[in-house]
Amino acid sequence: MTTTLLAIGTRKGLWLATSEDRRAWSLSAPHFLMTEVPSVGIDVRDGRTRVLLGIRSEHFGPTVVHSDDLGTTWTEPEGGAIRFPTDAGAAVERVWQLHPDSADRPGVVWAGAEPISVWRSDDGGEHFELCRGLWDHPHRAEWGAGYGGAAAHSVVPGPDGTVHVAMSTGGVYRTRDGGASWQPRNAGISAYFLPGPAPEFGQCVHKIARDAADPRRLYAQNHHGVHRSDDDGDTWTSIADGLPSDFGFVMLADPRRGGRIWVVPLVADGQRIPPDGRLAVHRSDDAGETWQRLDAGLPTDEYNAVLRDAACVDAGDPVGVYVGTRGGEVYASADAGESFTQVAGHLPDVLCVRAAVLP
């Protein structure tokens with residue numbers, strides 16, 4: 001029998017939940033109570049489980065901590081895990097993303113932060129170094145802040161040193177040399193809020209994900225727009241037909257099955273609520289050609305949004321799907337979204353959820 005770990009980061013702390021069937025859950029006492037937890041990463045490579053947290057204290061500021069014993073103890077390196085070099089003239093405001101790389105690159109963990117920056121760790125997330133290729137990019141002065149801040153919120157590593165990053169606002173950038181150089185990759189992604197034709201960069205991409213079967217296939221939830229790229233981000237086409245709205249924050253890709261993705265539509269940028277006040281995920285099994293609404297077990301009266309990292313999938317079979325709302329409710333599906341059960345309720349504003357089948 002396997003155990004699944006679900007980490008729930010909120011505006012006021014972290015909760016850890018475990019389950020043997022992904023239907024009945026045991027919820028821990030809060031960790032880092034009254035501290036914002038905007039990012040979580042769970043690293044199960046090499047047969048161990050390391051939980052990584054990006055935390056933000058109003059008094060002490062942001063940092064990355066980790067636990068190798070499921071939250072019994074937490075460790076932060078002396079001097080902090082993530083901080084700008086003195087010549088950068090900046091300070092980390094928030095760590096938005098923590099993403100362990102593949103099993104082929106053990107120890108490598110990526111971080112995305114505010115102000116817009118990407119960081120790499122080679123020691124499992126104990127220490128991070130700034131990716132100067134992106135920080136020193138000539139476009140950086142023109143990147144803007146989304147509604148929540150100026151953030152590198154998606155870091156998606158691929159094969160052969162390829163990494164895609166999405167930022168609000170700036171769009172999608174790609175490196176194929178391990179981060180030394182970066183190019184914008186936004187052709188076909190809309191930026192309707194800017195005058196004139198669509199620019200090379202400046203799009204407000206909300207989340208990106210990579211296909212399990214075809215590493216050159218990417219998916220994006222944009223600020224009004226749902227897109228797919230079949231050429232490693234060089235060009236993008238709309239896959240929003242069949243959805244009740246093309247606005248939202250979530251984009252999830254099945255880690256086991258190619259062509260399967262999930263989104264959580266919201267009405268619009270001016271109405272950040274589920275359509276008709278009914279929370280639902282929408283799944284495509286054919287790379288966005290068609291969509292299916294899935295809401296069994298989800299509330300019929302819900303006016304809270306699901307933020308970009310407040311949804312995730314695990315690597316179970318079938319794949320589990322998890323969503324958390326700004327109203328503090330968390331739901332889990334053990335059958336790829338066909339039905340959901342409630343994991344927790346009345347928590348603080350859910351900022352991120354991450355799940356992993358424990359080794």
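The numbers here are math on the coordinates, done by the rules we state, and not lab data. Keep in mind it's a predicted model, so treat the numbers as computed, not measured. Cβ: placed from backbone, ideal geometry, glycine included. Neighbour counts: every protein chain shown.
Below are the figures for this structure:
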read-out: Asp68-Glu20 pseudo-label distance in nm [points 7 Å out on the Cα-to-Cβ vector]; value: 2.8 nm
read-out: Overall Cα dimensions of the chain - principal axes, largest extent first, Å; value: 50, 50, 37
read-out: Taking only Cα atoms of segment 95-199, radius of gyration then Dmax in Å; value: 13.8, 45
read-out: Segment 158-236: chymotrypsin sites (Phe, Trp or Tyr not before Pro) in DSSP coil with no more than 14 other Cβ atoms inside 10 Å; value: Tyr192, Phe193
read-out: Rg ratio (alpha-carbon, reference 2.2 N^0.38 Å) - segment 208-359; value: 0.97
read-out: Residue (of Gly149, His206, Thr49) at the positive-pole extreme of the chain, dipole from beta-carbon charges; value: Gly149
read-out: Label-to-label distance, nm, for residues given as Gln292 and Thr86 (7 Å Cα→Cβ offset); value: 5.9 nm
read-out: Viscosity 1.567 mPa s, 4 °C: Kirkwood-radius Stokes-Einstein D of segment 146-188 over Cα pairs, µm²/s; value: 121 µm²/s
read-out: Dipole in debye (nearest 20) - the chain, about Cα centre, beta carbon charges: Lys, Arg +1; Asp, Glu -1; value: 320 debye
read-out: Amide H contacts of Ser181 (H built 1.01 Å from N, under 5 Å, at least 5 apart or other chain); value: Arg176
read-out: For segment 242-305, radius of gyration divided by Kirkwood radius, i.e. Rg to Rh on alpha-carbons; value: 0.98
read-out: Charge-dipole axis of the chain as Lys and Arg at +1 and Asp and Glu at -1 on Cβ define it, positive-most pick from Pro38, Pro77, Ser333; value: Pro38
read-out: Relative pair counts by distance (%), Cα atoms of segment 276-359, 10 Å bins; value: 18, 51, 27, 3, 0
read-out: Taking the chain and dividing mean pair separation by its residue count, relative contact order in percent (alpha carbons under 8 Å, at least six apart); value: 13 percent
read-out: Coordinate range along principal axes, alpha carbons of segment 1-157, Å, largest first; value: 52, 36, 30
read-out: P(r) of segment 67-131 over all Cα-Cα pairs, binned every 5 Å from zero, in whole percent; value: 4, 17, 24, 26, 18, 8, 3, 0
read-out: Debye-sum result for segment 158-238 in log10 I(q)/I(0), which assumes one identical scatterer on each alpha carbon, at q = 0.17, 0.19, 0.22 Å⁻¹; value: -0.59, -0.73, -0.97
read-out: Tensor-based shape of segment 1-78 (alpha-carbon gyration tensor, a/c under 1.5 rounded, otherwise prolate or oblate); value: oblate
